[in-house]
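See structure below.
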Amino acid sequence: MNDKMKLIENLIKAKKIYDKYLLNKDFLYVFKNKLNNKFEFFEMKCVRSNFLHLTGVETKIKALDFYKNLEKNRIPLSAINYKRNGTTKLKLQIFDRLPLLISTPVQVCFQDDFFTLKLEVDILLNKPVIDRKDIVLGLKQMENFDFFVPASILKEEPQKIGKNFSRVLFILEKNKRDKKYSTIKYRVKDIEFNKILNSINCDLIDKELLLI
């Protein structure tokens, strides 16, 4: 049971990170597509039901119920387990690096450039590291919608799971209830910020931000 108690402890730590940096927030990633040299963007939205999938915990509890029960400290030890392949521990070990993917230099890779079909996600978001393992966030597009949600965390060398990584130029943030993005979380220095934002023709960005 000690191992299960440790798992609960690590899940609570991970939840605190998720709640502080991601919960009920939307993020807009603007990048330069390496294949066509065009400026493009995508949205990531983070809600309570996404949390369970990022932990890799083996359970039959539904995702939203899992989050609610963890918040009330009502997860039965018998209802959770580590996955046999060891991925649960790996995901929780690097969970504290998740905030780096919304506030520091990152790159994106799309499904057509994955080296394996086992990754059941549409986008990989990761730090631009070489020859060492680091956090990789997998995003899944919501069915019948244009936005993506966080669906999986990996600890891997990016070059071993994909190619043609595109550099993210800006990361914008807004609260779930807000209609427009008005906060800059990250931007590459010495590039024409407003010109690029205007070029992507995105009506989700606050007009004041376009004047910067």
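Read the figures in this text as sums done on the coordinates, not as results from a lab. Bear in mind the structure is a predicted one, so any value in this text is a computation, not a measurement. Here the Cβ positions follow ideal geometry from the backbone for every residue, glycine too, while neighbour counts run over all protein chains shown.
Of the residues making up the stretch 153-177, those that are among the β-branched types (Val, Ile, Thr) and more than 13 Å from Leu137 (Cβ to Cβ) number 0.
Residue count for the stretch 111-126 satisfying the condition of being within 20 Å of Ser49 (Cα to Cα) and outside any strand (DSSP E or B): 4.
In the stretch 52-64, the residue that is nearest to Asp96 (Cα to Cα) out of those that are within 21 Å of the chain's Cα centre (by Cα) and of a type in the set (D, E, K, R) is Glu58.
Results for (1) surrounded by fewer than 20 Cβ atoms within 10 Å (Cβ to Cβ); (2) out of contact with any Leu (no Cβ under 7 Å at 6 or more places or on another chain); (3) free of Cβ contacts under 8 Å to residues at least 24 places away in the same chain; (4) in a strand (DSSP E or B), shown as yes or no for each residue.
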{"residue": "Asn85", "(1), (2), (3), (4)": "yes, yes, yes, no"}
{"residue": "Pro105", "(1), (2), (3), (4)": "yes, yes, no, no"}
{"residue": "Cys109", "(1), (2), (3), (4)": "no, no, no, yes"}
{"residue": "Pro128", "(1), (2), (3), (4)": "yes, yes, no, no"}
{"residue": "Arg132", "(1), (2), (3), (4)": "yes, yes, no, no"}
{"residue": "Val136", "(1), (2), (3), (4)": "no, no, no, yes"}
{"residue": "Asp146", "(1), (2), (3), (4)": "yes, yes, no, no"}
{"residue": "Lys155", "(1), (2), (3), (4)": "yes, no, no, yes"}
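Is it the case, given these coordinates, that Leu54 is touching a residue at least 40 places away in the same chain (Cβ under 8 Å) and over 21 Å from Leu172 (Cα atoms)? For Leu54, the condition - touching a residue at least 40 places away in the same chain (Cβ under 8 Å) and over 21 Å from Leu172 (Cα atoms) - is met.
Residues in the stretch 165-191 that are in contact with a Phe, Trp or Tyr (Cβ under 8 Å, 6 or more places away or on another chain) and assigned to a loop (DSSP other than H, G, I, E, B): Val188 alone. Filter the stretch 1-12 down to residues that are surrounded by fewer than 13 Cβ atoms within 10 Å (Cβ to Cβ) and in contact (Cβ under 8 Å) with a residue 40 or more places away in the chain and give me whichever is farthest from Val168 (Cα to Cα). Among those that are surrounded by fewer than 13 Cβ atoms within 10 Å (Cβ to Cβ) and in contact (Cβ under 8 Å) with a residue 40 or more places away in the chain, it is Met1.
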